[in-house]
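The values are calculated or read from the model by the stated rules, or taken from the named source; none is laboratory data. Predicted, not measured: the structure shown is a model, and the values here were computed from it. All Cβ positions, glycine included, derive from the backbone under ideal geometry; neighbour counts span all protein chains shown.
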Amino acid sequence: METIKPIYDIVKDVVPTVWACVKHQLCFGDYVSKFKEKKESLLARQGDIKSKIETQCYPGKIESREVKEWLDRGDKIIQDVEDKVSRVECFSHICVAKYLDEKIGEMKEIFDEGEKYTEVEAILVVDDHSRKGIAVPTPEVQGRDATKTKILKYLVEDNVTRIGVCGLGGIGKTTIIKLVYNELLNRETKFKKVVLVTVTKHFDVIKLQKDIASQLKIPLLEEDATMRAAVLSEMLAKSCYLLILDDVWEHISLEDVGIPNLVGSNSCKLVLTTRFQDVARCMNCEIVNLEPLPKKEALQLFLNKVGNVVLSADGVIKKAIKPTLKKIVKECGGLPLLIVTVASSMTGISSPLLWENALDGLRNCKRTMASTRTVEGTMNDAFEILKFSFDRLNDEKIQNCFLYCALYPENFAIRKWKLIEFWIEEGFIAQMETRHKMNCQGQAILRKLEDNCLLETVQTVESRILDDEDERAVKMHDLLRAMALDITSKSPRFLVKSGMNIRELPNKEQWTEDLKRVSLMRNSIEEIPRDLSSPECRMLTTLLLSHNNLSNFPDSFFEQMNELKILDLSKNHEVNSLPSSISKLKNLTTLLLIGCVQLRKVPDLSNCQAITKLDFNRSGIEEIPEGMEMLVNLKYLNLSNTKIRKLPKGILHKLSCLQILALRIDGIQVKGEDLWPLEKLECFNGDLIDWNELSIFYKMMQSRRERLRDYTLGVGSGGDVTFHYLKYWERLFKISCLPIASEKRVLLPHNVEAIALERCHDLKCVDQLSFLKDTVNLTTCLLAECQSVEFVFSSFNFNPLQSLQLLLLAKLENLKSLFEEKALAPSALSFPLKTIMIHNCPKIKKLFSPRLLVWHLQNLECIVVVDCEELEEIMASEESEEEEDGKLPLHKLKILGLHGMPKLKSICGRTRVLVCDSLEALEIKNCPLLKRVPLSPPPSLKEILVSSKESWESLEWEHPNAKDILLPFVEFDED
C-alpha cells in the first residue's frame, strides 16, 4: 500500500492533464466548428447593433466609447483566432485546440455582454461635443474653388479678422459661404465653433442676437437689447469662434449686437455676405468679390440642370442645338441662380426651333426691360434673365399665379391650399366642373412653378406632424420676389407693404387710380386716416388687409373701388363694424372675415350678386347678412363657429350653386332634404338632426360619389368640444349626444378617415362599436365628454388600431387609462399611432406604462397633455425600483407638451431617462410639482416654452449643463 499510494497520487495528477491533451488532439475539428458557430452569432449581434447605431446617429451624435470598445473586442478576438488557425500544423493541434477552447469561452462572454445593447431602450450613441456645427445642404456648384480657397486663406491669416463676400443677387454668395462653413466643420482649425446666421433685408438686432446665442448655446435672458449685447459680448470674448452673417443689406453696428471688437484679434473672425461693397467697406472687411461664372463652368451648370435631352448618344451637345444653347448660357451672364432658373424652364425641350425661339424671347425680354429700367445698377441685369424664365411660362394665368405670391411678406411660408383658393377666386384657374378639379389644377401650377425654380416647397409644423401635403407651403427667393415686385410696379400695378410692421396706411399719394392689387397684410395698422376716407382706386380688384389691428372704417371707404373683387379683412380682432359702402360693391366675388371676433353684423349684400365666396369662420357675426338669399352665384359659404343661432327657412334651396358648405355652428342642425337640392355640393361640414337624416345624406353620397367627396359630418346635437381641431380632417364622422354603444343604424361613408364621439354617455370603450370594425382608412379618433369611458381600448386586436395615427381625448371625466392593463402583452407589433392629445380628463393619474410605450407605441411623434388635474405621472413607474432603472426610448417623438397639471410629479419615474433623439419642441407650463426633466438635450431641440423664469430655474435636467445649453431656446409665457 505504501508503494501504491504514491503511484496513485501521481496518476491522479497526471491523468487529467493527459486526458485534456488527448481531448484537444482528438476534438480539434469540433473546436473549429464551435468557433465558427460563435463567430457567426457574434457577427450577427454586431451587425444588429451597428444597424441600431446607424438609426440613432443623428447629427450631433457619435457612437459611445463603451459600444465601440465592445465592437473592437469582438473584431479583435475573431481576427486573432483566424490568424492562429490559419497557421496551425498537425503537431500543434493540441496547443491550438487549447487556445480555441479558451477563446470560445471569451467570445461567449463578449456575446452575452452585448445582449444589453440589443434591448429596445438601449442607447448606443452620445453627444459629440467636438462638433463645431451641423453641416448644411448646398446646391450644385461650378467654378468656385478659387474663391473658396481665397476665403479659407484669409481665415487662417492673423492680420485679417473681417471678410466681406460681395456680389450680385443670385451670383452664389450664400452657396459659397455654406461651402466654406461645411469645410471648416471638417477641418482642424482654431475655431471651436462656427456660426452661420441669416440677417435678411429687414434687420432686427434682437433676432440676430437670439440667433447667434442659440447656436453658441449662450444663455441670453435679458429683454433689453443693450443688456443682451453686453452679456453676448462678455461670453463671446471668452470663445474662439467664426461668425458668418449671410445677406447683410446695411451697415450693422457690431457693438450694438454684442460682437466684441475684432481689431487685432487672431482668435475670432467675422465673415459677411452682401450685395453692396460699401456695406462691407463700412464694416472694415477685406473684400472678396464673387465674379460671374466663367463660360466653361456656366455651360456645365446649365447642362447639368437642363438634362440629357440636349445631348447626343456620345454625350456631347447636339449640333443643331449647341450654338443656340451657348448663346442662351451667355445671356445668363454667369449668374448661377439665373442659369439654373433658365435651364429649368428649358427642361425637356429638344426641338432646335424652340431653342431659337427661346433665345429670341430672352433677348426681347432684356431689350424691353432695358428700355424701362426701374431698378438701379446691375440688379436690373439679373431681373432681365429672371424675367425671361417668367416669360417662358407661356401662360398669362400661370404668370399671374407667380406674381400673386409677391403679395405675401418676404420669406413668408404661404400655405399651398390657401394660395390655390385665392387663385381660384382671382380667376387664374379656369372654371371647371368641380372645385376639386380646380384644386388639382392649382397643384399642377404650383408644381410647374417649382419645377421652373420660381418657388420652393417648405414644410410647416402641421404638414410634418399631420403628414398632410395640403399643409405644406411655398416660398419665393427674395430676388425673385423683387423681380415680381418690379414687374408689378408697372402693369398690373401692385402696392405691397406686407409684413413690414407699419402702423399706418400708405399715404394718399400711393393710392393711385391705376392700382390693381394692394397687400397690407400682417402689419399693425390701427386706423384709417381722415384723408383716406374714400381712396380713388377705380381699377383696384384685390385688397388684402388681414392680420392688422383695425377697429372700424370710414363709411365711404369702398365707394370708389367699383372693380373690387376680393376683400380680405380676416384676423382684425378689434373690428366691430363694416362700412355701408361694401353694399355697393357690385363686382365683389370674395369677402373674408375669418377671426373678426368683435364683428356682429355684415352690411346688406343684396346688390353684391357676383359674390362666389363668403368665409365668416370664427367671427362674432350673430345673424345671416341681409340679401344673402340673392347670392345665386355663391359657391363657397363658411359660417362655422359664428354666433348665428338660426338659418332663414329655405335659404339653402336658393343657393343652388354651392360647392363648399360649412355650417358647424353650435345648436344648428340641418335636414338631409335641405341638402338634396345642392346638386353641385362637394364638401359639407355640419350636423344632421338624427339617424334618419344620416340615412338620407348617405343615400345622397352614394348617388353623388364622384362629386360629394369630402365632409365633416355630425349626427345629433351637442357642444363644440372638438370643433377647433376639425379643420385638419376632410372626411370626419361625428356623433353627438346619442346612445351609440348598441346602435345598429349607423352607416359610415366608405371613405371615412376620422371619427369624433361627443357626449355619447353609454359608450365605455371605442372597440365596442361594431360599425368601426371594418374601417380600413380610419386615421383619427376624437372622444369628448363621454362620461362612461374608463379605457379608450380594451383590446389590441381592434382593427382600426392598425391604421390609427391620431388620438384626441377631451373632457372624459372617468378616464383611467388609454388601454386596459389586461390587454398589454409583449409583442413586436408597434401601432402607427403618431399623436396623442389629452385635454381636461380629471381622473387619469398615469398616462402610459413603460411596457405600453416600448411594446406598442414606438411611432409616437407628439404627446400633448393639458389640464388633467389628477395626473401624477406621464410614464408610470414600475412596481420594483430595479425595473424602473434604465432608459425609455421614444426615438421619433418631436413634440412633448405638458400644461396645467397641478399634481404632475414625474414624466417617467424617479430614475428612468427618456431618449428622444428627434425632440423639437418641449412645453412645460403650470406644473408646479414637476422638477425633474429626464432628458439629455437632443440636438434637434428648437423650442422650449415654460411659464416663467422661476419655473425654468426650478427644473432639473439629466445633463449638468443643460440649462446653459438650452437657455437660448427658452420662451416664457406668463399668461
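The table below gives the values:
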quantity	calculated
Residue check, Ser656 part of a loop (DSSP other than H, G, I, E, B), buried (at least 21 other Cβ atoms within 10 Å of the Cβ) and of a type in the set (S, T, N, Q)	no
Verdict on Val197 being in contact with a strand residue (DSSP E or B) (Cβ under 7 Å, 6 or more places away or on another chain), among the hydrophobic types (A, V, I, L, M, F, W, C), touching a residue at least 60 places away in the same chain (Cβ under 8 Å) and on the phi < 0 side of the Ramachandran plot	no
Test result for Glu102, at pLDDT 85 or above and loosely packed, with under 14 Cβ neighbours inside 10 Å	no
Subset of the stretch 112-162 [modelled with pLDDT of 80 or more and more than 27 Å from Leu243 (Cβ to Cβ)]	Asp112, Glu113, Gly114, Glu115
Some residue of the stretch 552-569 being touching a residue at least 60 places away in the same chain (Cβ under 8 Å) and among the basic types (Lys, Arg)	yes
Matching entry among Lys330, Lys305 (being surrounded by fewer than 23 Cβ atoms within 10 Å (Cβ to Cβ), without any contact (Cβ under 8 Å) to a residue 40 or more places away in the chain and not hydroxyl-bearing (Ser, Thr, Tyr))	Lys330
Per-region count, the stretch 279-295, residues in contact with a strand residue (DSSP E or B) (Cβ under 6 Å, 6 or more places away or on another chain) and not aliphatic (A, V, I, L, M)	4
Filter result for Arg517 (in a loop (DSSP other than H, G, I, E, B), over 30 Å from Thr780 (Cβ atoms), in contact with a Ser or Thr (Cβ under 7 Å, 6 or more places away or on another chain) and modelled with pLDDT of 90 or more)	no
Selection from the stretch 172-200 of residues that are more than 12 Å from Lys148 (Cα to Cα) and touching a helix residue (DSSP H, G or I) at 6+ places or on another chain (Cβ under 7 Å)	Phe191, Lys193, Val194, Val195, Leu196, Val197, Val199
Criterion: among the polar types (S, T, N, Q), touching a helix residue (DSSP H, G or I) at 6+ places or on another chain (Cβ under 8 Å) and farther than 27 Å from Asp486 by Cβ - qualifying residue of Ser519, Ser533, Ser556, Ser570	Ser556
Residue in the stretch 271-278 that is in contact (Cβ under 8 Å) with a residue 12 or more places away in the chain, farther than 30 Å from Val160 by Cβ and not in a helix (DSSP H, G or I) present	no
Enumeration of residues in the stretch 763-790 that are among the acidic types (Asp, Glu) and either under 31 Å from the mean Cα position of the chain (by Cα) or more than 28 Å from Cys868 (Cα to Cα) (or both)	Asp774
Selection within the stretch 308-327 - in contact (Cβ under 8 Å) with a residue 24 or more places away in the chain and in a helix (DSSP H, G or I)	Val309, Val310, Thr324, Leu325, Lys326, Lys327
Any hit, the stretch 758-778, residues being in contact with a helix residue (DSSP H, G or I) (Cβ under 6 Å, 6 or more places away or on another chain) and at pLDDT 85 or above	yes
Breaking point among (1) in contact with a helix residue (DSSP H, G or I) (Cβ under 7 Å, 6 or more places away or on another chain); (2) part of a loop (DSSP other than H, G, I, E, B), for Pro800	(2)
Single residue of the stretch 452-478 satisfying the filter (part of a loop (DSSP other than H, G, I, E, B), under 10 Å from the mean Cα position of the chain (by Cα) and among the polar types (S, T, N, Q)) that is modelled with the highest pLDDT	Gln459
Pick from the stretch 919-959, criterion farther than 23 Å from Pro902 by Cα and hydroxyl-bearing (Ser, Thr, Tyr), ranking: surrounded by the most Cβ atoms within 10 Å (Cβ to Cβ)	Ser936
Residue among Leu299, Leu362 that is at pLDDT below 85 and not assigned by TED's automatic domain parsing to the domain that holds Val199	Leu362
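This table checks each residue for (1) surrounded by 22 or more Cβ atoms within 10 Å (Cβ to Cβ); (2) of a type outside the set (Lys, Arg); (3) assigned to a loop (DSSP other than H, G, I, E, B).
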position: Gly499; (1), (2), (3): no, yes, yes
position: Glu504; (1), (2), (3): no, yes, yes
position: Glu509; (1), (2), (3): no, yes, no
position: Ser524; (1), (2), (3): no, yes, yes
position: Glu527; (1), (2), (3): no, yes, yes
position: Ser534; (1), (2), (3): no, yes, yes
position: Arg538; (1), (2), (3): no, no, yes
position: Pro554; (1), (2), (3): no, yes, yes
position: Glu559; (1), (2), (3): no, yes, yes
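Listed here are the residues, each with its yes/no results for (1) under 25 Å from Ser389 (Cα atoms); (2) over 37 Å from the mean Cα position of the chain (by Cα).
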site: Val231; (1), (2): no, no
site: Pro260; (1), (2): no, no
site: Arg275; (1), (2): yes, no
site: Arg281; (1), (2): no, yes
site: Pro294; (1), (2): yes, yes
site: Asn308; (1), (2): yes, no
site: Ala313; (1), (2): no, yes
site: Ala320; (1), (2): yes, yes
